[in-house]
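Shown next, in structure tokens, is the structure this report addresses.
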Amino acid sequence: MTDDYPPLETEIRRRIAAAGPMPVAQYMTLCLTHPQHGYYITRDPFGAKGDFVTAPEISQMFGELIGLWCAATWRCMGSPENVRLVELGPGRGTMMQDALRAVNIVPDFRKALVVHMVEISPTLEKRQRQALAGVDVPVEWHQSLDEVPDGPIIIVANEFIDALPVHQAVMCVDGWHERVIRIADNGLLQFAHSRDPIPLFDQMLPRPLRNAPIGAIFEWRADQVALEIGRRVVRSHGAALIIDYGHTESAAGDTFQAVGRQTFTNPLQSPGTVDLTAHVDFQALAHAAQALGADVHGPVDQATFLRRLGIETRAEALKKGAPLAKNAEVNSALTRLTGEGGTGMGKLFKAIAVADPKLGELPGFEKEPVETTRTPPLLGSKRTG
Ligand code: SAH
């Protein structure tokens, strides 16, 4: 009967038939990273014609500023002779390409670094290899952060955490139950909740969330990645910069969503063909990293972060002497990256850094407001290729 479905949906239905309703996190893992049919495994979803557009794909300014952040952070680390520059979930490799070009103005940093790309998708790894084919620094690929060798480390991740599987719990009369996916009587995939409540779940929640109303949904992710980041930056004397969309404080709400061709769709329809994400709970991320002794900087909203790093100065430099069309393109990218309404990413997206406490204050996370003009304008110019 299931033979009429595409291969991934057949597999999901087979598992539900064999083992019972499937937790949302397991469904998300299969849809995104199933070794043959997962969304990220089979396709390159980025760009204007793709399913969604990320900050590095909007403008070269984003990756360039991230590159300069890394160079400045390396200085805060005492400019170690060898440093691992790690990117988690690098997509098309655009951010690293732009970052490496920008740090041409810091040759001693460039000389010290080895790039480590952590990517689960062979399709996107291929794309990243093309993007970085011309760079003159060593680049290695890994499937997970724990494969990156020990030593001084700077980690960057843009829109990576939101792609990691999220669990959901639903408040019922007798407590919180895990939200699951089952096959309904009409044959469609459908949300439901597990039969038994999750023991002691209430006590693990931040206080304001206890006694939530019936029907409330709470989301959480496994802590492994946040813990590994915290452990690495403390042990290896380094820092991590994470940029994503989400909330600064843990809150109830259903943010599990599917995006295909830049519009929201039903997450239970056509598994593996649309992107599935959920907001990042920055408070939970911060707590996990702090538990391992890391300092947490921020979160600050993306607009503030990019302005502090000098995005306005960089935009002016790009526009100088450029044709009108280029000027309009730079202005619109600036609005998209730092704006608040509509498609603006400035407020919804946040930056957080997790670092060895020895590093002190990090660029973009200053306690006092800083003047953006303090950041030197970037040299180097247009993106090539
Ligand atoms: N940072 C990029 C891409 C974001 S999309 C950008 O801003 O454009 C998420 C990226 O994470 C993709 O490259 C995807 O293949 C990768 N990814 C998703 N789950 C992963 C996992 N568990 N381990 C490593 N990479 C993963």
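The values are calculated or read from the model by the stated rules, or taken from the named source; none is laboratory data. None of these values were measured; they are calculated from a predicted model. Note: ideal-geometry Cβ built from the backbone for every residue, glycine included; neighbour counts use all protein chains shown. Side chains are part of the model used for accessible areas, which takes the heavy atoms of the whole protein and leaves out ligands, DNA and RNA. Shrake-Rupley method; radii C 1.70, N 1.55, O 1.52, S 1.80 Å.
Report the charge-dipole magnitude of the stretch 42-171 in Debye, nearest 20, computed about the Cα centre from +1 at each Lys and Arg Cβ and -1 at each Asp and Glu Cβ.
About 300 debye.
With +1 on the Cβ of every Lys and Arg and -1 on the Cβ of every Asp and Glu, and nothing else charged, how large is the dipole of the chain about its Cα centre, in debye rounded to the nearest 20?
Roughly 880 debye for the chain.
When the accessible area of the chain is computed with all protein chains present and a 1.4 Å probe, what percentage of it is carbon and sulfur?
Here carbon and sulfur together make up 54 percent of the probe-accessible area.
Roughly how much of ARG14 is accessible, in Å² to the nearest 10, using a 1.4 Å probe?
Per-residue accessible area (ARG14): approximately 130 Å².
Gaussian network model of the chain, Cα springs within a sub-10 Å range: biggest mean-square fluctuation belongs to which of PHE201, PHE349, PHE365?
Maximum fluctuation in the GNM of the chain, among the listed residues, is at PHE201.
Amide H neighbours of VAL156 under 5 Å, counting only residues 5+ apart in sequence or on other chains, H built in-plane at 1.01 Å?
Long-range HN contacts for VAL156: VAL86, GLU87, LEU88, LEU241.
Starting from 0.36 nm per residue, how many nanometres of slack lie between TYR5 and GLU312 once their C-alpha separation is accounted for?
Extra length available between TYR5 and GLU312 comes to 105.5 nm.
Show me, for the stretch 152-159, the HN-Hα J-couplings you get by feeding each phi into the Karplus relation (A = 6.51, B = -1.76, C = 1.60, θ = phi - 60°), rounded to Hz, glycine and proline as x.
x, 9, 10, 10, 10, 8, 10, 6
Give the Rg/Rh ratio for the stretch 188-257, taking Rg as the radius of gyration of the Cα atoms and Rh as the Kirkwood radius, to two decimals.
So for the stretch 188-257, dividing Rg by the Kirkwood Rh gives 1.05.
Anyone know which of CYS31, CYS70, CYS172 comes out most mobile in the 10 Å Cα GNM of the chain?
Looking only at CYS31, CYS70, CYS172, the largest GNM fluctuation is found for CYS172.
Need the full-extension length gain, ASN266 to ASP185, defined as separation in residues times 0.36 nm minus the C-alpha distance. One decimal, nm.
Extending this stretch completely gives an extra 27.3 nm.
Measure up LYS320/LYS347; LYS126/LYS350; LYS319/LYS358; LYS126/LYS367; LYS326/LYS347; LYS111/LYS358 against 31 Å on the Cα-Cα distance and list the ones that go over.
The pairs that break the limit, which is 31 Å between Cα atoms, are LYS319/LYS358; LYS126/LYS367.
Quick one: what does P(r) look like for the stretch 143-234 with 10 Å bins over all Cα pairs, in whole %?
Bin by bin from 0 Å, the calculated values are 13, 33, 26, 21, 7, 1.
Restricting to the chain, what percent of DSSP beta bridges are antiparallel, rounded to 5?
Taking every DSSP beta bridge with both residues in the chain, the antiparallel ones total about 60 percent.
Quick one: give the max-minus-min coordinate of the C-alpha atoms of the chain along each principal axis, largest first, in Å.
So the extents along the principal axes, rounded to whole Å, are 64, 43, 41.
Quick check: with the 1.4 Å probe, what order do SER250, SER270 take by accessible area, largest first?
Final ranking, largest accessible area leading: SER270, SER250.
Given the rule -39500 (n - 2.57) for each run of at least 4 DSSP H residues, summed and divided by the residues of the chain, what is its mean residue ellipticity at 222 nm, to the nearest 500 deg cm²/dmol?
It lands at -9500 deg cm²/dmol.
Relative contact order for the stretch 152-286 using alpha-carbon pairs under 8 Å, separation at least 6, rounded to a whole percent?
30 percent
Please build a GNM for the chain, connecting alpha carbons under 10 Å apart, and tell me which residue among ILE58, ILE183, ILE12 fluctuates the most.
Per the Cα network of the chain with a 10 Å cutoff, ILE183 tops the list.
So how exposed is LEU132, as accessible area in Å² (1.4 Å probe, rounded to 10)?
Per-residue accessible area (LEU132): approximately 10 Å².
Around SER79, which amide H atoms from residues at least 5 apart in sequence, or from another chain, sit under 5 Å from its own amide H, with H modelled in the peptide plane?
Placed amide hydrogens put nothing under 5 Å from SER79.
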